[in-house]
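K.L.:
This is the structure, below, for whatever I ask next.
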Amino acid sequence: MTKILITGSTGLIGSRIIELLKNDFEFIPFQGDITKKEDVETCVLSQSFDLTLHLAGYTNVDGAETEKDLAHKINVEGTKNLYETVKEKSNKFIYISSDFVFDGTTPPYDEESKPNPIGYYGQTKYDGEVVVKNGAMIVRIAYPYRAEFKDKKDFMRSIKSLLEQEKEIKGITDSTFTPTFIDDIVYGLKHLMNNYSEEIIHLVGSQTLTPYDAFKHIAKTFSLNESLIKKTTYAEYFTNKAKRPQYSEVKSKKNNFYKMKSFEEGLLLCNAWVKERN
């Protein structure tokens, strides 16, 4: 069985990867702090594995603007520590990146589009790509969501929770994004781990829509009050917040191996999962 060294194994995506693929791969969770070279060397050089799946990262988009040193230390220096040490063993390396490497001005963005990050979080993810680009697979994802995860809310469950509390929310009408069902990311990665090659691949949902429309879909799917959702603009909503790509329509020219779901399809599966456990 293929052995995978995985960072971020307890996170939003990593925990689901292990949950769904535990019978397909042997996962070895990284132990230690990736920003400390000695921790990385101790863990990596003492283990026998075939491939590294690097999911760990600093993901607070607004926080990255004020905690630049920390964001850089984790996303760039940590990636460099891990990559360089893994490469001493000549092992395969998959780096998980983000649609935030694009500026959101000239969509759609595919694997051949030129990165131009406009916020510091996106800059650190792109700098991480630069670190590994000559010897790794780079997999970009966008706005991941899943049915349940107690340790952290993704955007979908954050909106769902606010609507359940009967709180009014604002949805942007002049911006787009591409939500991605985490189970699709997992099964897409299963194929890529079994068919590794050093290239850039996008694993993203098949539907791009405005946040306002997405929030409406969430309310409708979970039978929540749609009237709580009000309209706003990109400029108004992100006043005093980190810059995000305004038109983040992300596509893939290379994903002919796993059919990614639309946001509506993913929500229906999340709802079915929730109902099954209640």
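K.L.:
What is the sum of charges around ASP151, taking Lys and Arg as +1, Asp and Glu as -1, for the other residues whose C-beta is under 14 Å from the C-beta of ASP151?
P.N.:
Values: positive: ARG16, ARG146, LYS150, LYS152, LYS153, ARG157; negative: GLU19, GLU148, ASP154.
Spelling it out: positives minus negatives among the neighbours equals +3.
K.L.:
Continuing with this model, one more query. Can you compute the charge dipole magnitude of the chain about its Cα centre, using +1 on each Lys and Arg Cβ and -1 on each Asp and Glu Cβ, nothing else charged? Give it in debye, rounded to the nearest 20. Let's see the in-between values first.
P.N.:
Values: 38 positive and 40 negative charges, 83 e Å.
The calculated dipole for the chain is roughly 400 debye.
K.L.:
Of SER90, GLY78, ILE17, which is farthest along the charge dipole of the chain in the positive direction, counting Lys and Arg as +1 and Asp and Glu as -1 at C-beta?
P.N.:
The Cα lying farthest towards the positive end belongs to ILE17.
K.L.:
Just list whichever of LYS170/LYS220; LYS125/LYS251; LYS231/LYS261; LYS150/LYS259 have alpha carbons separated by over 20 Å in the model shown. Walk me through the numbers on the way to the answer.
P.N.:
Working: LYS170/LYS220 16 Å; LYS125/LYS251 18 Å; LYS231/LYS261 26 Å; LYS150/LYS259 27 Å.
Pairs exceeding 20 Å: LYS231/LYS261; LYS150/LYS259.
K.L.:
Could I ask something else about it? Report the relative contact order of the chain, percent, no decimals, based on alpha-carbon pairs under 8 angstrom and at least 6 residues apart.
P.N.:
Working: 542 pairs, mean separation 55.9, N = 278.
The value is 20 percent.
K.L.:
Now, a different point. Using helices alone, what [θ] at 222 nm do you get for the chain, with -39,500 (n - 2.57) per DSSP H run of 4 or more residues, divided over all residues and rounded to the nearest 500?
P.N.:
On the way: 11 runs with 102 residues, N = 278.
Mean residue ellipticity, 222 nm, calculated: -10500 deg cm²/dmol.
K.L.:
At a Förster radius of 22 Å, what calculated FRET efficiency corresponds to the Cβ-Cβ distance of TRP273 and LYS22, to the nearest 0.05?
P.N.:
Values: r = 18 Å, r/R0 = 0.82.
Once the sixth-power term is evaluated, E becomes 0.75.
K.L.:
Summing Lys, Arg as +1 and Asp, Glu as -1, what charge do residues with Cβ under 11 Å from the Cβ of LYS36 carry, LYS36 excluded? Write out the running numbers ahead of the final one.
P.N.:
Working: positive: LYS37, LYS73; negative: ASP33, GLU38, ASP39, GLU41, GLU77.
Neighbourhood net charge equals -3.
K.L.:
From the alpha carbon gyration tensor of the chain, can you work out the equivalent ellipsoid semi-axes (sqrt of 5 times each eigenvalue) and give them in Å, largest to smallest?
P.N.:
The three semi-axes for the chain are 31, 21, 17 Å.
K.L.:
Around PHE27, under 15 Å between beta carbons, what's the net of Lys plus Arg minus Asp minus Glu among the other residues? Before the final figure, lay out the partial values.
P.N.:
Working: positive: LYS3, ARG16, LYS22, LYS92, LYS190; negative: GLU19, ASP24, GLU26, ASP50.
For residues surrounding PHE27, the net value is +1.
K.L.:
In whole Å, what are the extents of region 1-42 along the principal axes defined by its C-alpha atoms, from largest to smallest?
P.N.:
Result, largest extent first: 31, 24, 8 Å.
K.L.:
A follow-up question, please. List the residues whose amide H sits under 5 Å from the amide H of ASP174, counting only those 5 or more places along or on another chain, with H placed 1.01 Å from N in the peptide plane.
P.N.:
TYR234
K.L.:
If each of GLU168 and THR233 carries a label point 7 Å out from its Cα toward its Cβ, how far apart are those two points in nm?
P.N.:
Going by the 7 Å Cα→Cβ label model, 1.9 nm.
K.L.:
Could you give the length gained on full extension between GLU65 and THR106, defined as 0.36 nm per residue of separation minus the Cα-Cα distance, in nm? Write down the numbers at each step before the final one.
P.N.:
Numbers: separation 41, 0.36 × 41 = 14.76 nm, distance 2.36 nm.
That works out to 12.4 nm of additional length.
A short reminder: the numbers here are calculations on the coordinates, not readings from a lab. Worth saying up front: this structure is predicted, and the values here are computed from it rather than measured. Glycine gets a Cβ as well: all are built from the backbone with ideal geometry, and neighbour counts include every protein chain shown.
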